[in-house]
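Report on the structure given below.
The values are calculated or read from the model by the stated rules, or taken from the named source; none is laboratory data. Quick caveat: nothing in here was measured; it's all calculated off a predicted structure. Here Cβ is always computed from backbone atoms with ideal geometry, including for glycine, and neighbour counts include all displayed protein chains.
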Amino acid sequence: MKISLSQIETFYWVARLKSFHAASRHQHLTQPTISARIHELESAVGHRLFERNAQGAELTPKGASFLKKAEKLLHLADNMLAEEADPMRGLLRLGSNESSALMGLAEFFESLHEHYPALRVELTIDVGASLRARLGAGGLDFAILTDPSTHPHVGDVLLGDSDMCWVGKKGTVKAGTVLSPSDLAGMPLLTVPAPSSLHALNMAWFASARVSPPHLNTCNSLAVMLRLVVSGIAVAIMPRAILQRELDDGSIEALKVTRPVPALPIYASFPLIGDTTVFRDIAQMARGALMNSSLIR
């Protein structure tokens with residue numbers, strides 16, 4: 001029995017994701033198809049490649065050895081296709097955090113369409129923790145997020161840092177007042193729910209002064225958070241770039257604080273499979289769009 005490239009690719013994703021179910025989602029195939037391909041491959045090579053258990057699928061020693069050969073073969077196949085065809089066509093499953101989506105996504109999409117006109121995009125907006133999990137499980141092809149991935153087979157490119165600041169409705173405090181963490185802890189506060197980088201930033205900012213805020217409300221949309229801040233419902237730490245219009249027209253003001261608010265880094269993340277040159281090029285397009293929007297510096 002001959003081995004097919006489709007069997008090798010399916011084997012690779014089951015091995016990397018450690019799950020037949022996750023591989024079926026990643027390859028847009030039914031789980032019986034995934035199982036059939038692995039069964040055919042194991043029959044062809046003459047030994048078991050995986051041990052199935054309650055946690056998923058673990059490589060056997062011979063499976064681990066076979067994986068190294070499979071990676072070389074897939075890398076060669078990627079290089080052959082890159083030389084003969086448009087390197088990006090079909091569907092790109094793109095994830096983005098909300099601040100990047102609000103500020104630079106339109107220009108980023110224009111760049112993608114210009115360079116890869118055959119590409120279709122499936123966009124997911126979510127917090128970084130959720131995007132990282134989906135990327136590591138094979139549910140996304142590329143993501144813009146505020147935390148680098150810890151997955152061994154996901155690569156990260158630092159795009160830049162996003163300036164953050166405390167903001168409130170104009171007149172929330174007396175002009176010139178400098179607020180301490182204790183002062184702010186006594187106000188109604190608003191942030192994105194955990195797990196998110198913005199929630200973690202809030203908690204770390206207060207923790208650095210050994211203060212625990214008792215009135216921390218959450219909202220899963222930065223756009224809605226901004227409307228609530230404008231209405232005077234709460235104060236919040238938010239990316240300065242998405243507030244610029246409201247800062248300019250006086251709807252809100254940046255609050256002066258005793259402790260600086262750290263910037264949040266923004267990354268592009270993608271699977272480390274085959275030739276990653278195209279994804280690194282896409283990361284540069286994302287960097288340009290986010291810099292032009294002033295979200296990062």
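If you check Val257 against the conditions, is it free of Cβ contacts under 8 Å to residues at least 60 places away in the same chain, of a type in the set (Val, Ile, Thr) and surrounded by fewer than 19 Cβ atoms within 10 Å (Cβ to Cβ)?
Judged against the criteria, Val257 is not a match.
Can you tell me how many residues in the range 24-41 are under 17 Å from Thr60 (Cβ atoms) and touching a strand residue (DSSP E or B) at 6+ places or on another chain (Cβ under 9 Å)?
The number of residues fulfilling the criteria is 1.
Suppose the filter is out of contact with any Leu (no Cβ under 7 Å at 6 or more places or on another chain), surrounded by fewer than 16 Cβ atoms within 10 Å (Cβ to Cβ), on the phi < 0 side of the Ramachandran plot and assigned to a helix (DSSP H, G or I); does Ala133 pass it?
Considered against the rule, which asks whether it is out of contact with any Leu (no Cβ under 7 Å at 6 or more places or on another chain), surrounded by fewer than 16 Cβ atoms within 10 Å (Cβ to Cβ), on the phi < 0 side of the Ramachandran plot and assigned to a helix (DSSP H, G or I), Ala133 comes out as yes.
Return a yes/no flag: does the range 276-283 have any residue that is hydroxyl-bearing (Ser, Thr, Tyr) and either under 19 Å from the mean Cα position of the chain (by Cα) or closer than 30 Å to Trp13 by Cβ (or both).
Yes - at least one qualifying residue is present in the range 276-283.
How do the pairs read when you match residues in the range 114-141 that are closer than 20 Å to Val157 by Cα with residues anywhere that are aromatic (Phe, Trp, Tyr) and buried (at least 17 other Cβ atoms within 10 Å of the Cβ), using Cβ under 9 Å and keeping only pairs 6 or more apart or on different chains?
Once the first residue is closer than 20 Å to Val157 by Cα and sits in the range 114-141, its partners that are aromatic (Phe, Trp, Tyr) and buried (at least 17 other Cβ atoms within 10 Å of the Cβ) give Gly128/Tyr267; Leu135/Phe142; Leu135/Phe270; Gly138/Trp13; Leu140/Phe270; Asp141/Phe270; Asp141/Phe279.
With the requirement that a residue be of a type in the set (Gly, Ala, Ser) and more than 30 Å from the chain's Cα centre (by Cα), what does the range 44-75 give you?
Passing the criteria: Ala44, Gly46, Gly63, Ser65.
State all residues of the range 27-44 that are out of contact with any Leu (no Cβ under 8 Å at 6 or more places or on another chain), buried (at least 16 other Cβ atoms within 10 Å of the Cβ) and of a type in the set (A, V, I, L, M, F, W, C); if no residue qualifies, say none.
Leu29, Ile34
Just for helices (runs of 4 or more DSSP H) wholly inside the range 181-249: which have at least 3 residues that are more than 22 Å from Ile296 (Cβ to Cβ)?
It comes to 181-185, 197-207, 222-230.
List, please: which pairs have Cβ atoms under 9 Å, are six or more places apart or on different chains, and start with a residue in the range 37-61 that is of a type in the set (Ser, Thr, Tyr) and end with one that is part of a loop (DSSP other than H, G, I, E, B)?
From the range 37-61, the pairs are Ser43/Met1; Thr60/His47; Thr60/Arg48; Thr60/Leu49.
Could you tell me which numbered condition Leu226 fails, if it satisfies all but one of (1) crowded, with 20+ Cβ neighbours inside 10 Å; (2) in contact (Cβ under 8 Å) with a residue 40 or more places away in the chain?
(2)
If I filter the range 220-227 for residues that are of a type in the set (A, V, I, L, M, F, W, C) and under 20 Å from the mean Cα position of the chain (by Cα), do I get at least one hit?
Yes; the residues of the range 220-227 include at least one that is of a type in the set (A, V, I, L, M, F, W, C) and under 20 Å from the mean Cα position of the chain (by Cα).
Look at Ile3 and say whether it is closer than 23 Å to Arg134 by Cα, surrounded by 13 or more Cβ atoms within 10 Å (Cβ to Cβ) and either free of Cβ contacts under 8 Å to residues at least 60 places away in the same chain or β-branched (Val, Ile, Thr) (or both).
When the stated conditions are applied, Ile3 does not pass them.
Out of Glu122, Glu110, I need the residue that is of a type in the set (Asp, Glu), surrounded by fewer than 15 Cβ atoms within 10 Å (Cβ to Cβ), at pLDDT 90 or above and under 29 Å from Ala200 (Cα atoms). Which one?
Criteria check complete, one pass: Glu122.
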